[in-house]
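Below is one structure, written out as structure tokens, with a few remarks after it.
The values are calculated or read from the model by the stated rules, or taken from the named source; none is laboratory data. As the structure is a computational prediction, the values presented were derived from the model and not from experiment. Neighbour counts run over all protein chains shown; Cβ positions are idealised from the backbone, glycine included.
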Protein chains: 2
Amino acid sequence: MRLLDQQAIDDIALGASLLGSGGGGDPLVGKLMALSAIKTYGPVRMIDASDVPDEALVIPAAMMGAPMVLSEKIPNGQEFIRAFQALGKYLGKEVYATMPIEAGGVNSMVPIAVAAQLGLPLVDADGMGRAFPELQMVTFHLNGISASPMTMADEKGNNVVLEVINNVWAERIARSVTVTMGASAMIGIYALTGEQLKQHGIHGIVTYSEQIGRTIREAREEGENPLVKLTELTGGFRLFRGKTIDVDRVIRGGFNRGIAIFEGLDEFRGSRLEVEFQNENLIARIDGEYAAMTPDLICLLDMETSVPITADALKYGRRIDLLALPCHPSWRTEEGIRSVGPRYFGYDCDYVPVETMAERRGLA
Amino acid sequence: MRLLDQQAIDDIALGASLLGSGGGGDPLVGKLMALSAIKTYGPVRMIDASDVPDEALVIPAAMMGAPMVLSEKIPNGQEFIRAFQALGKYLGKEVYATMPIEAGGVNSMVPIAVAAQLGLPLVDADGMGRAFPELQMVTFHLNGISASPMTMADEKGNNVVLEVINNVWAERIARSVTVTMGASAMIGIYALTGEQLKQHGIHGIVTYSEQIGRTIREAREEGENPLVKLTELTGGFRLFRGKTIDVDRVIRGGFNRGIAIFEGLDEFRGSRLEVEFQNENLIARIDGEYAAMTPDLICLLDMETSVPITADALKYGRRIDLLALPCHPSWRTEEGIRSVGPRYFGYDCDYVPVETMAERRGLA
């Protein structure tokens, strides 16, 4: 057990934003929610998954929808408490702890705000080890755990409970409710026993986010570029440096979808990078060839500040480094690739791990 | 108290289908559900609203969505029990009785099936006295009663509970869930106390439906046309006789929307009728002039059989009589007209009662 203070939250938000792989929302909005909560209610206790009793109930708290909407439709702080508490009430059990369902600027922070306000511990685990756009894209789903009952709440005061036949129907119905609620909603989902969490969660992800965030912050404090340290820490690869020359983006079906195009700088001059996203970055192509693909993490960092850039914040002229990180091994199983690999998202290609492609490029 | 047997159910389905005003679904599908339920579970007790204790809980049971979908997606009989029971369970109270929320081929029958299967009485009352396309279009809404908590279920086994800030949000969110569930869903909605039901319900509507159905049936048995008797019973007007020459129809946003065009027969030869509908018939124009409009009831009957025809069953060549009936006085209040009058549905005209327009035509 340790206490998360402001510095820890700053670092977690920064690092989780990188693991958000272009999605997961604006870390500033998420961080302000979390910092405001610990200022009012005191610091949050973080525990390991192994500290949770086998029978105890853990409920992840999260935001669902197109994250860029949050900047205009700021949560009032009560809707995620409502969604979270509604699920505990519906299950009729005491809630032992909360946790993130994914890494990302917003969804790493929502459970911290919930934990602070309700005096609950935060478990150092999630169900993705990155961010993904759909509800069934979690390790719990791969292991047969139901997303439902699931609760939803919006900032206006509307609440919904779903009890559905499988996780794909949870995604379908919850997505349509999210769109109707204004393209974002707060959710309580994948209620877990301590035992399920220990077996199927991705452990240590909050600490890992914090390490990444601290690496970026300390490098910036020293006036250095953190890319080398980041690749060492994550086992990832720097694949490109360039300037944003086009972003084509639309909010459709409750998702932020589109493509961004970059022209190379420095040693990449003359090359061209394309990144396609659905909330998260899904595919990176360099000069027309795949360079990284889902479920590996495709992360864009601001070239000057090394701050991760979400797909909804990309703008013409922005200079970026592309960092690609290997995903958690759970996603590289047959079922994992079927759930979140390139074919699921409509790309006609087999998954190739980023290390393999980097090796082909002479980078590894 | 009286028992509803097969004959009563036949007559109620027929009469309610007329009051459905073109909507409310196929009375055959509804009737089969109700008859199958009383065959298995025995006849249904019908009680008056005045028989319900003031504090008792009454839950209307209904189908939501585009009714024509039901013919292809036949309810398996469990989804309306699930939606109904979920609301009682959510409220944590014993349910005293059920009732229809509207008249119509399906929604007059769903509560009979629920009453039979659960051994509950059916209250002889509803919240419309006809059918309307949206959830907030009930007398309970006019009197400040909340549609929510509201429950929804589909034939696949998905269940949803809504607890929302007002009835317009109930309509919005439930509509998007209905569309996702496949354009139809079963619902439990407008949980009422006996006192609320006595004050704000439309009483005797099941009996009234039965009288209308019996009038049509007996006339057919005698080989007579029931139109004169129907206008006497309902205070309505026969406004047109004609042949269907065009139907333009689309399922959009979970509604069956469109327009039907008829050319006159007999004394109406040379005239042209247009009827626009959104599940229910909303507007009738004869030779370009309004002849009847929502909230009055615009009912099309088969010219040969006098069976009411729903908007989704209209086909080229079908010969019809147009019967227009005055709506319940609740809908002619200022708030009633605002909620379901022509302007609500996008028509740029003030509501004129059907009697007034009939008088102008020299019919009254």
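Mind checking which residues of the range A:353-364 are part of a loop (DSSP other than H, G, I, E, B) and loosely packed, with under 15 Cβ neighbours inside 10 Å?
Residues satisfying the conditions are A:361, A:362, A:364.
This table checks each residue for (1) touching a residue at least 12 places away in the same chain (Cβ under 8 Å); (2) farther than 19 Å from residue B:162 by Cβ; (3) not aliphatic (A, V, I, L, M).
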position: B:82; (1), (2), (3): yes, no, yes
position: B:87; (1), (2), (3): yes, no, no
position: B:91; (1), (2), (3): yes, no, no
position: B:95; (1), (2), (3): yes, no, no
position: B:101; (1), (2), (3): yes, no, no
position: B:104; (1), (2), (3): yes, yes, yes
position: B:107; (1), (2), (3): yes, no, yes
position: B:111; (1), (2), (3): yes, yes, yes
position: B:118; (1), (2), (3): yes, yes, no
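Of everything in the range A:311-329, what is in contact with a helix residue (DSSP H, G or I) (Cβ under 7 Å, 6 or more places away or on another chain) and within 25 Å of residue A:355 (Cβ to Cβ)? Give them in sequence order. Don't jump to the end; show me each part of the working.
So the first thing to find is which residues in the range A:311-329 are in contact with a helix residue (DSSP H, G or I) (Cβ under 7 Å, 6 or more places away or on another chain), and the list is A:312, A:321, A:323-326.
The answer is A:321, A:323, A:324, A:325, A:326.
When you check residue A:225 against the structure, is it assigned to a loop (DSSP other than H, G, I, E, B) and modelled with pLDDT under 95, yes or no?
Yes, satisfied.
Would you confirm whether any residue within the range A:285-306 is out of contact with any strand residue (DSSP E or B) (no Cβ under 6 Å at 6 or more places or on another chain), in a strand (DSSP E or B) and farther than 25 Å from residue A:229 by Cβ?
Scanning the range A:285-306, I find at least one residue that is out of contact with any strand residue (DSSP E or B) (no Cβ under 6 Å at 6 or more places or on another chain), in a strand (DSSP E or B) and farther than 25 Å from residue A:229 by Cβ, so the answer is yes.
For the range A:156-176, which positions are of a type in the set (Val, Ile, Thr), crowded, with 21+ Cβ neighbours inside 10 Å and either more than 10 Å from chain B (Cβ to nearest Cβ) or within 18 Å of residue A:85 (Cβ to Cβ) (or both)?
A:160, A:161
Condition check: modelled with pLDDT under 95 and assigned to a strand (DSSP E or B). Does residue A:250 satisfy that?
Taking the combined requirement at face value, the residue satisfies it.
Within the range A:125-147, track down each residue that is touching a residue at least 60 places away in the same chain (Cβ under 8 Å), within 13 Å of residue A:59 (Cα to Cα) and more than 11 Å from the chain's Cα centre (by Cα).
A:125, A:140 - these are the residues of the range A:125-147 that are touching a residue at least 60 places away in the same chain (Cβ under 8 Å), within 13 Å of residue A:59 (Cα to Cα) and more than 11 Å from the chain's Cα centre (by Cα).
Kindly indicate which of A:19, A:3, A:32 is out of contact with any Gly (no Cβ under 8 Å at 6 or more places or on another chain) and at pLDDT 95 or above. Spell out how you get there, then give the answer.
Working: A:19 fails: out of contact with any Gly (no Cβ under 8 Å at 6 or more places or on another chain); A:32 fails: at pLDDT 95 or above.
Residue meeting the stated conditions: A:3.
Of all residues in the range B:309-329 being modelled with pLDDT under 95 and not in a loop (DSSP other than H, G, I, E, B), which is nearest to residue B:22 (Cα to Cα)?
Among them, the one singled out is B:311.
Only one residue in A:264, A:204 is touching a residue at least 40 places away in the same chain (Cβ under 8 Å) and of a type in the set (Gly, Ala, Ser). Which one?
From the options A:264, A:204, the qualifying one is A:204.
Do the conditions hold for residue A:252, that is, is it without any contact (Cβ under 8 Å) to a residue 24 or more places away in the chain, surrounded by fewer than 22 Cβ atoms within 10 Å (Cβ to Cβ), charged (D, E, K, R) and under 23 Å from residue A:103 (Cβ atoms)?
no
I'm trying to understand the selection: among the residues of the range B:177-208, which are surrounded by fewer than 24 Cβ atoms within 10 Å (Cβ to Cβ) and within 14 Å of chain A (Cβ to nearest Cβ)?
Hits for the range B:177-208 are B:179, B:180, B:182, B:183.
Does at least one position in the range A:12-27 carry a residue that is buried (at least 24 other Cβ atoms within 10 Å of the Cβ), in a loop (DSSP other than H, G, I, E, B) and polar (S, T, N, Q)?
Checked against the condition, which is being buried (at least 24 other Cβ atoms within 10 Å of the Cβ), in a loop (DSSP other than H, G, I, E, B) and polar (S, T, N, Q), the range A:12-27 yields at least one hit.
Do any residues in the range A:224-237 that are in contact (Cβ under 8 Å) with a residue 12 or more places away in the chain have Cβ atoms under 6 Å from those of residues that are outside any loop (DSSP other than H, G, I, E, B) and hydrophobic (A, V, I, L, M, F, W, C), where the two are at least six apart or on different chains, and which pairs are they?
Matching pairs, first to second residue: A:226/A:216; A:226/A:219; A:234/A:325; A:236/A:323; A:236/A:324; A:236/A:325; A:237/A:324; A:237/A:358.
If I filter the range A:97-113 for residues that are of a type outside the set (Lys, Arg) and surrounded by fewer than 24 Cβ atoms within 10 Å (Cβ to Cβ), do I get at least one hit?
The answer is no; no qualifying residue exists.
Any residue in the range B:30-54 that's part of a helix (DSSP H, G or I): show its pairings with residues that are among the acidic types (Asp, Glu) and surrounded by 23 or more Cβ atoms within 10 Å (Cβ to Cβ) at Cβ separation under 8 Å, as long as the two are six or more apart or on different chains.
Final answer for the pair search is B:49/B:124.
What single numbered condition from (1) among the β-branched types (Val, Ile, Thr); (2) within 22 Å of residue B:64 (Cα to Cα); (3) modelled with pLDDT under 95 fails to hold for residue B:298?
(3)
For the range A:137-146, indicate whether the set of residues that are within 14 Å of chain B (Cβ to nearest Cβ) and on the phi < 0 side of the Ramachandran plot is non-empty.
Scanning the range A:137-146 turns up at least one residue that is within 14 Å of chain B (Cβ to nearest Cβ) and on the phi < 0 side of the Ramachandran plot.
Please enumerate the residues belonging to the range A:209-233 that are under 19 Å from residue A:100 (Cβ atoms) and surrounded by fewer than 21 Cβ atoms within 10 Å (Cβ to Cβ).
A:211, A:214, listed by residue number.
Across the range A:114-148, which residue is surrounded by the fewest Cβ atoms within 10 Å (Cβ to Cβ) among those that are of a type in the set (Asp, Glu) and under 23 Å from residue A:54 (Cβ atoms)? Let's see the steps before the verdict.
First pass over the range A:114-148, keeping only residues of a type in the set (Asp, Glu): A:124, A:126, A:134.
Those still in the list that are under 23 Å from residue A:54 (Cβ atoms) too: A:124, A:126.
Values: A:124: 26, A:126: 34.
Here the residue is A:124.
Take the residues in the range B:268-284 that are modelled with pLDDT of 95 or more and not in a strand (DSSP E or B); name whichever of them is surrounded by the most Cβ atoms within 10 Å (Cβ to Cβ).
B:268
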